[in-house]
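The values are calculated or read from the model by the stated rules, or taken from the named source; none is laboratory data. All of these numbers come straight from a predicted model, not from anything done at the bench. A quick note on method: Cβ atoms are made from the backbone with ideal geometry, for glycine too, and the neighbour counts reach across all protein chains shown.
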Amino acid sequence: MKFCTAINCMDGRVQLPVIEYLKKKYRVEYVDMITEPGPNKILSDRTDQKLIESIFARVKISVEKHGSKHIVIIGHHDCAGNPTDEENQKAQTQNAINVIKNKFQNVEVIGLWVNKNWDVIEIN
Ligand SMILES: [Zn+2]
């Protein structure tokens, strides 16, 4: 079985688009889903260390127990947990990518943006 890891928003609208996109992109059978409201903001701001540790503890299980080689951080349009514009969210996602890369080596880390049509776009 092959897994990848998504740090996604809890918003129900972005679950299936992200799962479908990542299953296709990485040819994995399963996407381990770690959800918080506006996780790109949480990881970019770095104000809630306890929550970040909780997120990373879950990522660690996915990487170490499920052998995930890809960690993906997601931001999306109309996010109730992170009500800021696309430009700012993309900058947060970029910061979040760096924070994750710093913690997890030997895995690929990318960012995704889910737009108002629920299309998934890669941020690198
Ligand atoms: Zn959201």
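Inspect all residues belonging to segment 31-45 and state whether any of them is of a type in the set (Lys, Arg), within 12 Å of the ligand (Cβ to nearest atom) and under 13 Å from the mean Cα position of the chain (by Cα). Yes: one or more hits. The set of residues in segment 84-100 being surrounded by fewer than 13 Cβ atoms within 10 Å (Cβ to Cβ) and in a loop (DSSP other than H, G, I, E, B) consists of Asp85 alone.
Taking residues in segment 2-23 that are farther than 17 Å from Ile97 by Cα, and partners anywhere that are of a type in the set (Phe, Trp, Tyr), the pairs with Cβ atoms closer than 6 Å and at least 6 places apart or on different chains are Phe3/Tyr30; Pro17/Trp118.
Remark: Thr5 falls outside the filter, which requires a residue to be within 11 Å of the chain's Cα centre (by Cα), within 20 Å of Trp113 (Cα to Cα), among the polar types (S, T, N, Q) and within 16 Å of the ligand (Cβ to nearest atom).
For segment 48-69, the criterion of being closer than 20 Å to Lys2 by Cβ, at pLDDT 95 or above, within 15 Å of the chain's Cα centre (by Cα) and within 16 Å of the ligand (Cβ to nearest atom) is met by no residue.
Residues of segment 47-77 that are exposed (fewer than 13 other Cβ atoms within 10 Å of the Cβ) and touching a residue at least 12 places away in the same chain (Cβ under 8 Å): Gly67 alone.
Residues checked against (1) in contact with a strand residue (DSSP E or B) (Cβ under 7 Å, 6 or more places away or on another chain); (2) part of a helix (DSSP H, G or I):
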| residue | (1), (2) |
| --- | --- |
| Val18 | yes, yes |
| Lys23 | yes, yes |
| Gly67 | yes, no |
| Ile74 | yes, no |
| Asn102 | no, yes |
| Leu112 | yes, no |
| Asn117 | no, no |
